[in-house]
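Q: Pasting a structure here, questions to come.
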Amino acid sequence: MSSISIIGTGNMARTIGARAVAGGNTVEVMGRDQSKAADLAKALGGGATTGEWGTAPAGDIVIVALLYDGVVPVVAQYGDALAGKVIVDISNPFNSTFDGLAHREETSIAQAVAKAAPASASVVKAFNTIFRHVLEKGQPDVFLAGDNAQAKASVEAFIESLGLRPLDVGGLKMAHWLEGAGVVTVGLANPMPVTGA
């Protein structure tokens with residue numbers, strides 16, 4: 001099984017953490033609010049631990065479960081503490097109306113993370129096209145993208161431990177399209193009224 005650190009204490013951190021514990025993985029929770037992180041680790045059970053914010057995560061795989069605008073700054077803040085780690089970005093950079101991406105150019109949060117992370121770290125985009133409630137109760141496929149084959153293999157093994165099927169869509173540049181797919185998914189869940197003739 002895998003050794004996982006989750007940076008974040010929100011809904012997706014809780015949901016991925018719960019499935020990770022159920023799948024027999026070692027889980028560490030890290031949050032700016034130490035008491036929230038401790039509460040989440042206790043709720044997850046299964047020997048989940050709490051790490052100190054900003055220090056080197058214990059897990060080989062570090063899942064950054066934060067809103068998109070916090071992901072790159074936090075990775076930059078952790079800096080060398082993430083050396084040698086596999087960093088998983090699950091964020092979606094939606095615009096304010098949730099009908100497009102917050103960035104216009106053909107990039108992604110995951111690609112920005114790769115620039116901010118230590119050179120020895122590897123970045124994988126995953127989980128961003130799945131709603132929390134579907135991840136909680138369903139068996140969705142998990143799309144992933146990344147440039148390092150070994151890092152992707154590690155994330156694929158972790159995904160399989162959750163009872164889910166990983167689908168490799170290619171290199172990290174494909175993270176842009178996964179983020180676009182996140183917009184499509186939200187649109188399907190919240191259809192806009194049809195206007196016009």
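The values are calculated or read from the model by the stated rules, or taken from the named source; none is laboratory data. Worth saying up front: this structure is predicted, and the values here are computed from it rather than measured. Note: ideal-geometry Cβ built from the backbone for every residue, glycine included; neighbour counts use all protein chains shown. We work out accessible area using only protein heavy atoms, side chains counted, and drop any ligands, DNA or RNA first. Shrake-Rupley method; radii C 1.70, N 1.55, O 1.52, S 1.80 Å.
Q: Once ligands and nucleic acids are excluded and a 1.4 Å probe is used, how much of Arg19 is accessible, expressed in Å² to the nearest 10?
A: 40 Å²
Q: Here is a further query. Once you order the gyration tensor axes a ≥ b ≥ c over the Cα atoms, which shape class does the range 1-86 get: rounded for a/c under 1.5, otherwise prolate or oblate by comparing a/b with b/c?
A: In terms of gyration-tensor shape, prolate.
Q: Ok, one more. In the range 1-40, if every C-alpha pair distance is counted and binned at 10 Å from zero, what percent goes to each bin?
A: The calculated distribution, bin by bin, is 34, 57, 9.
Q: Any of Lys36/Lys137; Lys36/Lys173; Lys137/Lys173; Lys36/Lys115; Lys42/Lys115 with alpha carbons more than 27 Å apart? Name them for me. Don't skip to the end; give the middle numbers.
A: Details: Lys36/Lys137 24 Å; Lys36/Lys173 34 Å; Lys137/Lys173 30 Å; Lys36/Lys115 29 Å; Lys42/Lys115 34 Å.
In this structure, Lys36/Lys173; Lys137/Lys173; Lys36/Lys115; Lys42/Lys115 exceed 27 Å between Cα atoms.
Q: How much accessible area does Asp141 have with a 1.4 Å probe, in Å² rounded to the nearest 10?
A: Accessible area, nearest 10 Å²: 60 Å².
Q: Follow-up. Determine how many Å³ per residue the convex hull of the Cα atoms of the range 105-185 encloses.
A: 89 Å³
Q: Net charge within 10 Å of Ser91 by Cβ-Cβ distance, Lys/Arg positive one each and Asp/Glu negative one each, not counting Ser91 itself? List each step's numbers first, then the result.
A: Numbers: positive: Lys125; negative: Asp69, Asp89, Glu179.
Here the count lands on -2.
Q: Can I ask one more? Can you list residues whose amide H is under 5 Å from Gly59's amide H, if they're 5+ apart or on another chain and H is modeled 1.01 Å from N?
A: Here the answer is Ser5, since their amide H atoms fall under 5 Å of that of Gly59.
Q: Taking amide H positions as placed 1.01 Å from N in the peptide plane, with prolines and chain starts having none, which residues 5 or more places from Val142, or on another chain, fall under 5 Å of its amide H?
A: Arg165, Leu167
Q: For Glu160, what charge total do you get from the other residues with a beta carbon under 15 Å from its beta carbon, if Lys and Arg give +1 and Asp and Glu give -1?
A: 0
Q: Now, a different point. Taking Cα pairs under 8 Å and at least six residues apart, what relative contact order does the range 17-164 come out at, in percent? Before the final figure, lay out the partial values.
A: Details: 233 pairs, mean separation 29.7, N = 148.
The normalised contact order for the range 17-164 reaches 20 percent.
Q: Given the convex hull over the Cα atoms of the range 37-94, what projected area results after averaging over all orientations, in nm²? Walk me through the numbers before you get to the answer.
A: Details: hull surface 17.4 nm².
Hull-based average projected area comes out at 4.4 nm².
Q: Sticking with this structure for a sec: So if R0 is 22 Å, what FRET efficiency would Lys42 and Asn11 give, r being the distance between their Cβ atoms, rounded to the nearest 0.05?
A: 0.85
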